[in-house]
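The values are calculated or read from the model by the stated rules, or taken from the named source; none is laboratory data. Treat the numbers as computed from the prediction; the structure is a model and nothing was measured. We place every Cβ from the backbone using ideal geometry, glycine too, and count neighbours over all the protein chains shown.
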Amino acid sequence: MKVLGLIVEYNPFHNGHLYHLKQARRLCNADYTVCVMSGNFIQRGEPALVNKWARARMALLSGVDLVIELPVVYAMASAEFFAFGAVRILDSLGMVDSLCFGSESGSLDELDLVADILHREPEEYKQLLKARLDKGVSYPSAREYALKACTKQFTGIEADIGTIISSSNNILGIEYLKALKKLKSNIVPKTLKRISNSYNSEYLTGTISSATSIRKMISDCDGLLNNAGLKACMPEATLNILAEEFNNGRGPVCSTSYENLMLALLRKMSLYEISALPYVSEGLENRIKAAANKSGSYSELIENIATRRYTATRIQRIIASVLTGLKDMELKNFNSHNGPQYIRVLGFNQNGRQLLTKIKKSTCLPVIVKNADFKDHPDALLKRMLEIEAFSTDMYVLGYKNPSFRAAGQEYTQNIIRIGL
């Protein structure tokens with residue numbers, strides 16, 4: 001029995017994801033596929049277009065067997081923490097044989113070379129990095145220089161490091177490889193070269209289009225899905241689920257759905273409270289507070305805070321953490337305790353149910369099928385991680401257009417998704 005692991009957001013599931021899923025299953029000769037999927041908030045510090053249960057249905061109807069949630073603590077983190085949290089879950093299952101991810105490079109050897117240097121941090125690398133930083137060079141430039149020099153020194157090959165570490169999926173791929181090394185995992189990594197457009201492309205490019213372009217088109221069409229371009233780039237199951245969610249007023253959800261709430265919370269918070277948020281450092285709390293007081297919209301808020309030093313994505317993660325309730329010290333504490341504290345099941349099909357039965361016998365972490373059963377768990381770390389998840393969902397549903405679906409406590413009342421059972 002061979003089990004394939006995937007790390008995904010599926011925001012929403014589209015034809016590019018379907019291509020990757022089919023190719024990965026073929027490449028890995030997989031009998032079962034399990035994906036670790038971000039929940040209601042995603043890595044860029046934004047809410048998902050539709051909730052995690054709807055997106056789990058998309059995945060299961062498209063061929064995934066078992067969907068496990070990546071806790072929001074990691075789902076909305078930097079690439080390093082995002083990757084470590086997801087890989088840690090896959091590794092803890094005790095059943096996953098391979099991890100297949102998409103990359104712009106398409107070369108596992110190329111990505112692994114960079115990952116190995118960053119994981120081992122040999123003395124040559126640290127000295128080169130320090131020397132460049134001492135000259136006032138920015139950290140990304142200094143790291144690129146040190147990686148390029150070490151690659152040539154260790155292999156004799158002068159790789160295009162700048163291109164490798166500047167592409168979104170390459171960066172995540174390198175972090176997946178680092179996490180596998182850190183955990184000394186037996187999971188075998190594989191990569192597939194991304195086809196068609198860039199991950200960040202804002203324009204539809206036919207049957208294979210980026211999730212970014214799909215979300216933008218949905219926003220431009222005010223949630224209407226009768227656009228021919230949209231219909232061409234998503235499976236029918238995705239379109240049907242999106243239509244159901246939108247018709248019921250549970251989407252599309254975006255950052256602007258919370259702009260008044262975010263501004264109100266930030267204006268109320270003290271500088272000390274803002275400084276305690278994840279990724280706030282070097283007095284950034286002052287800039288955030290000033291921007292919150294003078295901004296009238298979400299986009300204006302981000303624009304007034306972001307600089308070349310503080311990227312928009314980093315600022316979005318900080319602002320969104322106001323909605324999740326996560327603090328910087330908690331994030332560090334979770335990571336110091338080796339990552340996610342549980343395996344939270346979002347859904348499965350018949351194959352997934354069989355796989356889950358085997359996982360329960362092999363995993364070292366508690367498996368959660370019903371959140372209410374763990375509400376008063378004696379493990380303080382696990383309990384707190386679940387509390388943050390529950391609060392983030394309570395905040396997420398406030399972005400629904402239909403007030404009828406905004407009730408709190410849905411983490412404890414929503415059933416997992418079962419397909420074909």
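Taking the criterion of being under 24 Å from H337 (Cα atoms) and among the aromatic types (F, W, Y), the only residue of segment 129-186 that qualifies is Y176.
Across segment 159-175, the number of residues qualifying as closer than 14 Å to D109 by Cα and either in contact with a strand residue (DSSP E or B) (Cβ under 6 Å, 6 or more places away or on another chain) or free of Cβ contacts under 8 Å to residues at least 24 places away in the same chain (or both) comes to 3. Every condition in (1) free of Cβ contacts under 8 Å to residues at least 40 places away in the same chain; (2) among the hydrophobic types (A, V, I, L, M, F, W, C); (3) under 30 Å from K327 (Cα atoms); (4) surrounded by fewer than 24 Cβ atoms within 10 Å (Cβ to Cβ) holds for L128 except the one numbered (3). The residue that is modelled with the highest pLDDT, among those in segment 209-233 that are more than 20 Å from the chain's Cα centre (by Cα), outside any helix (DSSP H, G or I) and under 17 Å from M58 (Cα atoms), is C233. Here G5, G94 are screened, and the one residue that is over 13 Å from the mean Cα position of the chain (by Cα), in contact (Cβ under 8 Å) with a residue 40 or more places away in the chain and on the phi > 0 side of the Ramachandran plot is G94. For segment 55-71, taking the residues that are over 17 Å from L386 (Cβ atoms) and either among the aromatic types (F, W, Y) or part of a strand (DSSP E or B) (or both), the one that is nearest to the chain's Cα centre (by Cα) is identified as V67.
Scan segment 72-106 residue by residue and report those that are closer than 27 Å to G249 by Cβ and not in a helix (DSSP H, G or I). Step through it out loud before you land on a result.
Going residue by residue through segment 72-106, those that are closer than 27 Å to G249 by Cβ are 72, 75-76.
Listed by number, the list holds a single entry, M76.
Would you confirm, using the coordinates I've provided, whether L192 is touching a residue at least 60 places away in the same chain (Cβ under 8 Å), surrounded by 12 or more Cβ atoms within 10 Å (Cβ to Cβ), in contact with a Gly (Cβ under 6 Å, 6 or more places away or on another chain) and more than 19 Å from N11 (Cα to Cα)? For L192, the condition - touching a residue at least 60 places away in the same chain (Cβ under 8 Å), surrounded by 12 or more Cβ atoms within 10 Å (Cβ to Cβ), in contact with a Gly (Cβ under 6 Å, 6 or more places away or on another chain) and more than 19 Å from N11 (Cα to Cα) - is met. Checking A320, A306 one by one, the residue that is touching a helix residue (DSSP H, G or I) at 6+ places or on another chain (Cβ under 8 Å), over 14 Å from I274 (Cβ atoms) and modelled with pLDDT of 90 or more is A306 and no other. Mind checking which residues of segment 334-374 are closer than 24 Å to E46 by Cβ and crowded, with 22+ Cβ neighbours inside 10 Å? Matches in segment 334-374: F334, G339, P340, R344, L346, G347. Return the pair list, or none, for Cβ contacts closer than 6 Å from residues in segment 23-41 that are closer than 15 Å to K2 by Cβ to residues that are part of a helix (DSSP H, G or I) and of a type in the set (A, V, I, L, M, F, W, C), at least 6 apart or on different chains. From residues that are closer than 15 Å to K2 by Cβ, the pairs are Y32/L355.
For segment 386-421, the set of residues classified as in a strand (DSSP E or B) and crowded, with 19+ Cβ neighbours inside 10 Å consists of I417 only. Within the span defined as segment 183-203, every residue fails to be closer than 23 Å to F246 by Cβ, in contact with a helix residue (DSSP H, G or I) (Cβ under 6 Å, 6 or more places away or on another chain) and at pLDDT 90 or above. Condition first: of a type outside the set (A, V, I, L, M, F, W, C), farther than 26 Å from G16 by Cα and touching a residue at least 24 places away in the same chain (Cβ under 8 Å). Can you find one or more residues in segment 268-284 that meet it? Yes.
A single entry from G106, G136 fulfils the requirement of being more than 30 Å from M95 (Cα to Cα), surrounded by fewer than 17 Cβ atoms within 10 Å (Cβ to Cβ) and over 20 Å from the mean Cα position of the chain (by Cα): G136.
Being hydroxyl-bearing (S, T, Y), within 21 Å of the chain's Cα centre (by Cα) and within 30 Å of T212 (Cβ to Cβ) is the filter; apply it to segment 145-185 and report the residue that is surrounded by the most Cβ atoms within 10 Å (Cβ to Cβ). It comes out as Y176. Selection within segment 1-54: residues that are touching a helix residue (DSSP H, G or I) at 6+ places or on another chain (Cβ under 7 Å) and either among the basic types (K, R) or part of a helix (DSSP H, G or I) (or both). The member of this set that is modelled with the lowest pLDDT is R44.
Test S257 against the criterion of being at pLDDT below 95 and either over 30 Å from C221 (Cα atoms) or assigned to a helix (DSSP H, G or I) (or both), and give yes or no. It is false that S257 is at pLDDT below 95 and either over 30 Å from C221 (Cα atoms) or assigned to a helix (DSSP H, G or I) (or both).
Evaluation of L331 against the conditions (1) at pLDDT below 95; (2) loosely packed, with under 15 Cβ neighbours inside 10 Å shows that the sole unmet condition is (2). Can you find a residue in segment 22-33 that is within 26 Å of S257 (Cβ to Cβ), surrounded by fewer than 23 Cβ atoms within 10 Å (Cβ to Cβ) and out of contact with any strand residue (DSSP E or B) (no Cβ under 8 Å at 6 or more places or on another chain)? So far as segment 22-33 goes, no, none of its residues is within 26 Å of S257 (Cβ to Cβ), surrounded by fewer than 23 Cβ atoms within 10 Å (Cβ to Cβ) and out of contact with any strand residue (DSSP E or B) (no Cβ under 8 Å at 6 or more places or on another chain).
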